[in-house]
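These notes are about the structure you will find just below.
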Amino acid sequence: MTDMRIALVTGANKGIGLEIARQLAEAGVSVIIGTRDPQRGRAATDDLAARGCEVEAIRIDLDDGDSILAAAETIRARHGRLDILVNNAGIVGSEDGPPSSASPEAVRRIMATNFIGTLAVTQAMLPLLRRSSAGRIVNLSSSLGSLAVNGDPTSPYYSARLIGYNASKAALNMLTVQLAEELRDTAIVVNSVSPGYVRTDLTGQTGFMTPEEGARLPVRYALLGKDAVSGRFLEPDGETPW
C-alpha cells in the first residue's frame, strides 16, 4: 500500500474531470481516472503522461452497477484504500427544459446518472474511504442546483430552467448534506463544489472559465487538511445558498 494519497475522479477522460486529475497528480496524488470508455481512458492517461503526470484509468459507468462494484474491487486490490473521491461524472440532455415541457424520459436519464449513479459510486467507495486517515469526497454540483438561486429573479441563473439537470444537482446537494451528517464522527469530509461556468462539452463550450480555472476549487477541497469543513456548498466566490 503506497503512502501517497489515492484519488478516484469519475468522468475524468476530458474536460474539467481531466483537469482535476492533472492538478491532483501534480500535487503528488496517485490519481485513478474513471471513464466509461477504456479507449478514451487510455488517451487521457497518455495525455497526462506526456505532461509528466503518472495516472491510471479504470472503467466505471454510472449507469452500470456491475462496473461500479468491479472498479471498487480493483481499487481495493491495487491500493487497499481510497483517500479522495471526486464525483465529477454527469450528463445533460437536449430534451431537458422547463417543467411544463421537458421530456420525462430525459429527466429520468439525467437523474439516474447524476444522482443515483453518483450515490452508487459513493456507496461502493465508502468502505475504501473509511480506510483512509483523512477521506475527502467532493461532489461536483452547480449553482443551478440551489433552490435559492432558482427562486431568485436577480440571479444570472434564474432563467436556466432545466428541471432534470437542476433537480439532479439539488438531489446531489442533499446527498452531501445527509452524508456529511452521517459521517460526522469519522475522518471523512464531504462537500458540494460548484466550479463555475466552465467551457466544456457539457456546457456546449459556452462557459467563461477554462477547465484549468474550473478545476481549482474542487482540487482545493479534495486536498483539505486536518481542519477541513464538511457539509458545505461552495463556488469560487464563496458559499452558495442551498
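None of the figures in this text is laboratory data; all of them are computed from the coordinates on show. These figures come from a predicted structure and were not determined experimentally. Positions of Cβ are backbone-derived with ideal geometry, glycine not excepted, and every protein chain shown enters the neighbour counts.
Quick notes on this structure:
- For the chain, the longest principal axis of the C-alpha atoms and the axis of helix 118-129 are separated by about 30°.
- The share of C-alpha pairs in the stretch 6-233 whose separation exceeds 22 Å stands at 49 percent.
- Degrees between helix 211-222 axis and first principal axis of the chain (Cα, 0 to 90, nearest 10): 70
- Taken one residue at a time, the phi angles of the stretch 23-40 give Karplus couplings (6.51, -1.76, 1.60, θ = phi - 60°) of 5, 5, 4, 5, 8, x, 9, 7, 9, 10, 8, x, 8, 6, 10, x, 5, 5 Hz. Gly and Pro are set to x.
- Between the C-alpha center of the stretch 89-158 and that of the stretch 1-32 there is a gap of 21 Å.
- Counting neighbouring Cβ atoms within 10 Å and putting the fewest first, the residues VAL9, VAL189, VAL177 line up as VAL177, VAL189, VAL9.
- Cα long-axis angle, helix 163-182 against the chain (0 to 90 degrees, to the nearest 10): 50
- Taking other C-beta atoms within 10 angstrom as a stand-in for reagent exposure, TYR221, TYR158 fall in the order TYR158, TYR221, fewest first.
- Unit charges on C-beta of K, R, D, E only; dipole of the chain, Debye: 320
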